[in-house]
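Okay, structure first, notes after.
The values are calculated or read from the model by the stated rules, or taken from the named source; none is laboratory data. Note that the coordinates shown come from a computational prediction; the quantities given were computed from them, not determined experimentally. Cβ: placed from backbone, ideal geometry, glycine included. Neighbour counts: every protein chain shown. Accessible surface areas use protein heavy atoms only, side chains included; no ligands, DNA or RNA. Shrake-Rupley method; radii C 1.70, N 1.55, O 1.52, S 1.80 Å.
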Amino acid sequence: MKIYVVGLGPGGLEQMTQRAVTALEESQAIIGYDVYIDLIRDQFSHKKLLSTPMKKEVDRCHLAIQEALKGQVVSMVCSGDAGVYGMAGLMFEVAQEYDPIEIEIVSGITAACSGAAVLGAPLIHDFAVISLSDLLTPWELIEKRLDCAAAADFVLCLYNPSSKKRYDYLQKACDIILRHRKADTVAGFVQNIGRDGEKGTILSLQELRDTQVDMFTTVYIGNSKTKELAGRMVTPRGYRL
């Protein structure tokens with residue numbers, strides 16, 4: 001009776017860690033958001049696959065625990081890393097309602113890292129990851145975090161930059177960051193990381209402000225030292241050359 005909370009990485013099976021694959025093979029049941037179950041359906045069709053739609057995260061945790069209480073080994077899957085905007089924390093919280101159950105977190109490659117590799121090397125120095133989704137975090141708090149991180153000259157990685165309801169949130173975020181960064185600051189974004197249609201784009205912060213992206217995009221905004229080198233986005237660490 002055990003639950004693995006597994007980060008699948010950015011997409012295909014080849015981008016999962018071997019530990020993640022092993023955990024899924026050990027499991028009798030695999031549970032996750034519809035989209036994430038579809039990513040592994042072909043490779044793990046011999047397992048019991050259960051899914052719930054978006055905004056049913058708490059129900060998903062209860063479902064995983066109920067399956068584990070049947071004496072099974074269960075995996076709860078997330079994209080990227082389960083501990084970065086994933087299900088790891090919620091699973092521990094929901095598990096408090098039950099008798100003690102073993103939970104193991106299996107890390108994966110988060111979008112910040114996999115997307116950075118597509119662009120070049122933007123995260124070589126200190127960076128901050130901020131989600132622009134205000135579904136669980138008030139926008140006023142997101143604004144404060146953006147302002148503080150930009151003032152501190154962190155490289156910024158933005159998750160969930162836009163959606164149909166939040167079509168102008170990236171523009172709002174760029175306006176906040178432009179209080180502290182030059183308009184020609186090197187920025188970039190990656191679409192469909194690790195999946196069909198993966199594409200990286202490098203542009204200026206001002207150009208980024210006027211660009212429309214979607215929820216399948218991860219955005220990078222350089223610090224005052226970030227530069228474009230041979231078509232790649234690079235943040236120097238500070239080594240003397």
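At a glance:
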item: Filtered residues of the range 1-37 (kept if part of a strand (DSSP E or B), open to solvent by 10 Å² or more (accessible area, probe 1.4 Å) and in contact with a Lys or Arg (Cβ under 8 Å, 6 or more places away or on another chain)); result: Tyr33
item: Test: Asp134 is part of a loop (DSSP other than H, G, I, E, B) and of a type in the set (D, E, K, R); result: yes
item: Unique residue being under 21 Å from Thr226 (Cα atoms) and among the basic types (Lys, Arg) when the list is Arg166, Arg195, Arg181; result: Arg181
item: Residue in the range 96-103 that is touching a residue at least 60 places away in the same chain (Cβ under 8 Å) and open to solvent by less than 40 Å² (accessible area, probe 1.4 Å) present; result: yes
item: Ile65 vs. criteria outside any strand (DSSP E or B) and closer than 25 Å to Gly115 by Cβ; result: no
item: Pro53, sole failed condition from (1) touching a strand residue (DSSP E or B) at 6+ places or on another chain (Cβ under 8 Å); (2) modelled with pLDDT of 95 or more; result: (2)
item: Residues within the range 190-235 that are open to solvent by 50 Å² or more (accessible area, probe 1.4 Å) and in a loop (DSSP other than H, G, I, E, B), tallied; result: 13
item: Single match in Ala150, Ala187 (criterion: of a type outside the set (Ser, Thr, Tyr), in contact with a His (Cβ under 7 Å, 6 or more places away or on another chain) and either at pLDDT 95 or above or not in a helix (DSSP H, G or I) (or both)); result: Ala150
item: Filtered residues of the range 151-184 (kept if more than 16 Å from Thr217 (Cβ to Cβ) and surrounded by 21 or more Cβ atoms within 10 Å (Cβ to Cβ)); result: Val155, Ile177, Arg181
item: Any hit, the range 74-93, residues being open to solvent by 20 Å² or more (accessible area, probe 1.4 Å), of a type in the set (D, E, K, R) and farther than 20 Å from Met215 by Cβ; result: yes
item: Residues located in the range 116-147, provided they are open to solvent by less than 20 Å² (accessible area, probe 1.4 Å) and touching an Asp or Glu at 6+ places or on another chain (Cβ under 9 Å); result: Ile142
item: Selection within the range 153-177 - out of contact with any Lys or Arg (no Cβ under 6 Å at 6 or more places or on another chain), in a helix (DSSP H, G or I) and of a type in the set (A, V, I, L, M, F, W, C); result: Leu170, Ala173, Ile176, Ile177
item: Residue that is farthest from Leu135 (Cα to Cα), among those in the range 53-79 that are in contact (Cβ under 8 Å) with a residue 40 or more places away in the chain and polar (S, T, N, Q); result: Gln72
item: Residue in the range 36-47 that is closer than 17 Å to Leu8 by Cβ, out of contact with any helix residue (DSSP H, G or I) (no Cβ under 7 Å at 6 or more places or on another chain) and among the aromatic types (Phe, Trp, Tyr) present; result: yes
item: Residue ID - farthest from Asp38 (Cα to Cα), chosen from residues in the range 192-212 that are more than 18 Å from the chain's Cα centre (by Cα) and of a type in the set (A, V, I, L, M, F, W, C); result: Leu205
